[in-house]
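Each remark here refers to the structure printed beneath this line.
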Amino acid sequence: MNIQVDDTDRRLIRQLLAAPDLSTAELADRAGVTTATCWRRLERLRAAGVLGVAQAVVDWRAMGYEVEVSLRFTLDKTNPRAFDEFIAAARDVPEVINIETFLGRVDVRLNIIARDMRHYQDIYRARILTLPHISDIEALMLVATIKDDGALPV
C-alpha cells in the first residue's frame, strides 16, 4: 500500500532514525507535534508498511564473534529446485546471519560470523561446503564497516 508521506511524517521518521529508542512523547516533542498526533502518524506509517517492527541490534563482536565473511555463490541451476534447496539448507546454519539473492553472475550471498579463523574454517568445511548445488564460491572477509544505516534521506 502506497501512502503520501508529508513533512510531518518525514520529521517523525528522521527523529526515529536518529534515536529509535525515544518514547512517543519524546518523539512528538522533537518532531513538533502532539503525542496523540505522533501516535496516530506512527500507526498509519506502520499499517502502510513504511515503518517495520523494531528489532534488537546485536553487537556480535561484543559476544566474541570477531570474524565476518561474505560468501558469494553461483549455483548449479541444472536442478530447478537449486535455489530453494540451497536457501533452505543455508537457513539451518546458525552462523549465517544474512541471506540475499541476486540477478547476475552471483546468485546468493551469505554473511557468516565466527569467533575466530579456526571457527570459520570449521563452519566452512562442515556446514558451507556441504550446502547443495554450489557451482562456485567467492569469499570476502569484512575488514571494516564504514556506513551501515540503511536510511534514505527524508
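Taking first residues from segment 57-79 that are under 21 Å from GLU100 (Cα atoms) and partners that are among the aromatic types (Phe, Trp, Tyr) and surrounded by 11 or more Cβ atoms within 10 Å (Cβ to Cβ), the Cβ contacts under 8 Å between residues at least 6 apart in sequence or on separate chains come to VAL67/TYR120; GLU68/TRP60; VAL69/TYR120; PHE73/PHE86; LEU75/PHE83; LEU75/PHE86; LYS77/PHE83. If the condition is being surrounded by 12 or more Cβ atoms within 10 Å (Cβ to Cβ), under 23 Å from ASP149 (Cα atoms), out of contact with any helix residue (DSSP H, G or I) (no Cβ under 9 Å at 6 or more places or on another chain) and free of Cβ contacts under 8 Å to residues at least 24 places away in the same chain, then segment 27-56 contributes only ARG46. Residues that are aliphatic (A, V, I, L, M) and farther than 22 Å from ASP149 by Cβ were ranked within segment 1-26; the one that is modelled with the highest pLDDT is ALA25. Residues that are farther than 19 Å from ASP76 by Cβ and of a type in the set (Val, Ile, Thr) within segment 100-130 comprise ILE112, ILE113, ILE123, listed in sequence order. Being at pLDDT 95 or above and touching a helix residue (DSSP H, G or I) at 6+ places or on another chain (Cβ under 8 Å) holds for only one residue in ILE113, ILE134, and it is ILE134. Sub-6 Å Cβ pairs linking a first residue in segment 4-26 that is of a type in the set (Gly, Ala, Ser) to a second residue that is surrounded by 14 or more Cβ atoms within 10 Å (Cβ to Cβ) and assigned to a helix (DSSP H, G or I), at least 6 apart or interchain, are ALA25/THR35, ordered by first then second residue. Collect the residues in segment 1-26 that are among the acidic types (Asp, Glu) and either exposed (fewer than 13 other Cβ atoms within 10 Å of the Cβ) or touching an Asp or Glu at 6+ places or on another chain (Cβ under 6 Å) (or both), keeping them in residue-number order. Matches in segment 1-26: ASP6, ASP7, ASP21.
Only residues that are exposed (fewer than 11 other Cβ atoms within 10 Å of the Cβ) and in contact with a Pro (Cβ under 6 Å, 6 or more places away or on another chain) were counted across segment 79-136, and they come to 0.
The values are calculated or read from the model by the stated rules, or taken from the named source; none is laboratory data. Keep in mind the model is a prediction, meaning the values are calculated, not measured. Cβ coordinates were reconstructed from backbone atoms using ideal geometry, including for glycine residues, and neighbour counts include every protein chain displayed.
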